[in-house]
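Structure first, commentary second.
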Amino acid sequence: MNLLAPQAALAAGVIGALGLGLMRRPPSLLVRALVLLTPLAALGLLWGAVPGVLPPLVGVDMKGLGWQTVIYAGALPMAFLSSGDDVEAALFLGAVLGMGLLAAAGNLPMLFVALEFMSLPAYLLVARAGTGERRLEAAVKYFFAGALAGAVFLLGLSLYYADTHSLAAVAVPVDARGQAGLALMAAAALFKIGAVPLHWWLPDVYEAASPEVSGFLSTAMKAAAVLFLVRVTSLAPNPGFAAVLPALGALTALFGALLALRQERLQRLLAYSSLAHAGLLILGVGAWQLLGRSPAGIAALLIYLGAYAFMSNGAFVFLQASGVSTRAELKGYASRRPLLAASFGLILFALGGVPPTGGFVAKLLMLWLAVRAGLVWPVLIAALSALVSLVYYLGLVRDMAFEEAPAGDPPADGPASARLVVAVCALGALLLGAAPFFLSGVLSGVWK
Amino acid sequence: MTSLTLLWVLPLAGAAACLLAGRAGRGAAKACALLFSAAFFAVSLAVLAGFLHGESAIVVGGAPWAFGISYRLAADGLSMALITLTSFLTLICVAASWKLDVSAAYWANFLALASALTGVFLARDLFLFYVFWEATLIPMFFIIGLWGSDNRRHAAVKFFLFTFAGSILMLLALLALVAAAHSATGVWTWDLDALKGAPLGAAAPWVFLGLLLGFGVKIPIVPMHTWLPDAHTEAPAAGSVMLAGVMLKMGLYGIIRVALPLFPAYALSWAPWLAGLAAINAVYGALCAMAQTDLKRLVAYSSIAHLGFCVLGVVSLTAQGLTGGSLQMINHGITTGALFLLVGFLYERAHKRGVSDFGGLAARAPWMAFFFGFSIFASVGLPGLNGFVGEFMCLSGIAHSSVPLLGVPFFAVAGVAGVTLAAAYALPAFQAVFWAPEGGASVSDHVTDLDLREKSILWTLCALMLWIGLSPQGWLSVLEPAIRGLVR
């Protein structure tokens, strides 16, 4: 049962949160401790874990372990910033549990259950957390998009099963009907990631949700969705099926970068920016498929997701920490809180992929995969999108550091804990720039 | 040899120390900057001294990290000459900015810039090279954006985006290079020396092109130069010194260190095209400089012309031309550094820098006139001063080049035209500012002469111009072994 120890810890956390909810006035401190300690415990239980299977439902491979690490780590900022509300706590831990189950799913129905398990609490979380005006509308939109993705997946699964009579998460020969099923299942995954043109729900949701929830959705949830895509596309007996992914990814990256250019509201800008990053990840998944699914590609994807967990969480939480919501309000911010501004600046450079940050290493690895796979045009488009995205990342640094603060009352500061999260994320984004150095022991084994 | 690591870590530590010292006050940060830049200069001189005593190269190597990346640094005469130029100009910049009331971040950015530049000149692993290369952009972005003049915000972003566009092409080229070498040899490596001679197949011309574009933006080669006038003009004086003095040299250094050794055959067949672009640079830069009414912009455009000469020397692919081009890089750093400082000193006093804003300054500020004249003459290549030696060697390299087509007189004529035009833009400006009668709008009466600190800085620079001009042998003996190692 060691195989599911992190998931068991998370389940215990969910039950604990629900139990605390039975009290007439649940002590907020206890709830917050529970929310923070549960993902930490899950991370700790991953230490020294080994792959294994528990037929028929559970199979944890190296991928599953790696992804769990990224997912639990990506959830930590939101855990740390918990408001102490017991319902939100249960929803949040439930979503993380769903992601953990996704990483441990050993067959396709289990994959579907995990998908729904992680998605349903997320809809409610968007609706419930924070004070955003349009969060209910966004939650409904998110729910319908998610339900559609689920339905598409089930349709794909039925076609696939009708062809292969296999529900195992391993590649078996397929005919045209099975191919169509696989394509539909992949479309569901792309829906969850937010690939163009299946992205329409994403900017609204990320903008309307509370910033830390958006951070959580763009990191842990996105990581889970990428794993979902990796798993589904791996079902095809040959990687030729994935040939469309690089083009789709490059276009998503360019589209996200171009739309982020014109945004005045920072949370929406970051939403489009996360679209651009998702595009690179899809490109990476496609290249990994074309390269014959080597462990090296998985390592590259994980490093990307790890670096992005720091960058995106840090960027969204900055909005909470500073109270700034528009580019106009950001002007001159560096003179008000130099350290927080410097942290955010560092995160922006990392998001832009400028060395010596982790964002650069991440971007480099995706491009490396794509170059090795010989994907000339997707690589050029991705490079163009990197350049375009730098326009707004640099623009934000310029607004923050070079412009004068506007007259009038500055926005109210957020909690100190949010400032701490931003600083830690900035530090992580910087230190991951040296990833090839300190991860060499881990990676030299897989990078052949 | 840990000294090479020390070379780039020392200024970086200095940057951190400045930020910490800044908590105790601006004076402490400034003192810290002086201390560390002086120490950095001393260490680089000490390493350089080794090359005068016959040491040919020192290498730091390490076991590869993940992805075939390794921590490999090496220094030869070329690297050390440029690093010493970096440390020297950093010290000069700190001294020249001494009276400015700026926060600790100013000094920290200069030291961080020095660290990244040093890394570029040391790295022999292409991943490392690229990281240092890009890392130079961040401090310069802040130097322009925070302490520049009126249009600084726009100039800072433009500078970053243009050079980043070039760099990302370079990055793609490097990725293609490493991937192609892997499929040929089965080994992942970013090691520059190991990649030499690796069969690259069809990717080769594209890789070479990508590298040239990345380096060309930095030099800058016309028509990729449009970021330069804005960045140089809007940067603070010391920022312009580092930009023109060292950062432009990164591009040429990249061509000499990376592009030529990796692709000797393409270098040979593309050399006439590159020489053509370089000739255009020399003439076009000079023509643009003639049209400028802003002194700083004039000096900025003159840099484009001068770098054209350097490229001409380098693409002659002769030892003489390459050595001349390298020496001219050092010369240009010193001379243009002095000119930017002088324009900066003038601007500090009068808050104007248009040619027509001044007149008859020589009577009010004779020392300024002297140093300005000295640097201008060095810049236009007066025999006896440093510019002459470098330009002569570049042109002579072209004349003796064995590259097909380069023997065509066109290039020599273009070079000579560039020299002549240099006199035609520089001397009238000098004359108008310092000797012509004052016009009605002149602000010359705000200008006081240089003080002792400023004079000491300029004496140092002018002494170097004279030294290199009269006795270039010592300098050439540092550069030549390195160049010969590359040409072979």
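The numbers here are math on the coordinates, done by the rules we state, and not lab data. From a predicted model like this one, the values you see are computed outputs, not experimental measurements. A quick note on method: Cβ atoms are made from the backbone with ideal geometry, for glycine too, and the neighbour counts reach across all protein chains shown.
Observations
- The trypsin sites (Lys or Arg not before Pro) found in the range B:328-367 include none that occupy coil by DSSP while having at most 13 further C-beta atoms within 10 Å.
- Were the residues from residue A:200 through residue A:151 laid out at 0.36 nm apart, the gain over their Cα-Cα distance would be 15.9 nm.
- Qualifying trypsin sites (Lys or Arg not before Pro) in the range A:82-172, DSSP loop, other Cβ atoms within 10 Å at most 13: A:134
- Semi-axes of the equivalent ellipsoid of chain B are 35, 27, 20 Å, computed as sqrt(5λ) over the eigenvalues of the C-alpha gyration tensor in descending order.
- Pairwise centroid distance, computed over Cα atoms, of the range B:103-142 with the range A:366-433, Å: 19 Å
- The mean number of Cβ atoms from other chains found within 10 Å of a Cβ in peptide B:62-71 is 6, as a whole number.
- In order along the range A:380-388, phi translates into HN-Hα couplings of 5, 5, 5, 5, 4, 5, 4, 5, 4 Hz, rounded to whole numbers, per the Karplus curve 6.51 cos²θ - 1.76 cosθ + 1.60 with θ = phi - 60° and x for Gly and Pro.
- Table column - 3J(HN,Hα) (Hz), the range A:225-230, Karplus curve with 6.51, -1.76, 1.60, x for Gly and Pro: 5, 5, 4, 4, 5, 4
- Counting Lys and Arg as +1 and Asp and Glu as -1 over every other residue whose Cβ lies under 15 Å from the Cβ of residue A:112, the net charge comes to +1.
- Of the trypsin sites (Lys or Arg not before Pro) found in the range A:256-355, the ones in coil according to DSSP and having at most 15 other Cβ atoms within 10 Å of their Cβ are A:262.
- Cβ crowding within 10 Å averaged over residues, with B:282-292, B:16-26 ranked highest first: B:282-292, B:16-26
- Using just its DSSP H runs of length 4 or more, each adding -39500 (n - 2.57), chain B gives a mean residue ellipticity at 222 nm of -24000 deg cm²/dmol after division by all residues.
- Across peptide B:127-139, the average count of Cβ atoms from other chains found within 10 Å of a residue's Cβ is 4.
- Within chain A, longest stretch free of exposed GluC sites (Glu not before Pro) [DSSP loop, at most 12 other beta carbons within 10 Å]: A:265-403
- Share of Cα-Cα pairs in chain A lying beyond 35 Å, as whole percent: 24 percent
- Amide H contacts under 5 Å for residue A:59: A:54, A:105, A:106, restricted to partners 5 or more places along the chain or on a different chain, H placed in the peptide plane at 1.01 Å from N.
- For the Cα trace of the range A:301-387, dividing Rg by the Kirkwood Rh returns an Rg/Rh value of 1.07.
- Approximate shape of the range B:389-487 as ellipsoid semi-axes (Cα gyration tensor, √5λ), whole Å, largest first: 37, 23, 8
- Cβ-based net charge around residue A:102, under 12 Å, with every Lys or Arg adding one and every Asp or Glu removing one: +2
- For chain A, calculated [θ]222 nm from helices alone, where every DSSP H run of n ≥ 4 adds -39500 (n - 2.57): -24000 deg cm²/dmol
- Kirkwood hydrodynamic radius computed over the range A:126-219 comes to 14.5 Å, based on all pairs of distinct alpha carbons.
- Calculated from backbone phi, Karplus (6.51, -1.76, 1.60) coupling profile of the range B:77-91 in Hz, x at Gly/Pro: x, 5, 4, 5, 4, 6, 5, 5, 4, 4, 5, 5, 5, 4, 4
- Centroid-to-centroid separation of the range A:208-233 and the range B:423-482 [C-alpha atoms, Å]: 60 Å
- Per residue, the convex hull spanned by the Cα atoms of the range B:264-488 measures out at 104 cubic angstrom.
- Shown for the protein assembly as shown is the translational diffusion coefficient from the Stokes-Einstein equation, using the Kirkwood radius over Cα pairs, a temperature of 25 °C and a viscosity of 0.890 mPa s: 84 µm²/s.
- Largest GNM mean-square fluctuation across A:428, A:408, A:146, computed for chain A with C-alpha springs under 10 Å, falls on A:408.
- Ranking of A:53, A:354, B:217 by count of other Cβ atoms within 10 Å, fewest first: A:53, B:217, A:354
- Along principal axes, Cα extents of the range A:99-158, largest first, whole Å: 40, 23, 9
- Under 17 Å from the residue A:413 label point (7 Å along Cα→beta-carbon), backbone N, the range A:325-358: A:325, A:333-344
- Per-pair calculated FRET efficiency, R0 = 22 Å: residue B:38 and residue A:339 via Cβ, rounded to 0.05: 0.15
- Residues of the range A:253-286 with amide N under 18 Å of a point placed 7 Å along Cα→Cβ from residue A:133: A:264-269
- Cut-off 15 Å, label 7 Å out along Cα→Cβ of residue B:193, residues of the range B:107-146 by amide N: B:122-126
- Amide H to amide H distances under 5 Å link residue B:354 with B:295, where only residues 5 or more positions off or on other chains count and H is placed in the peptide plane.
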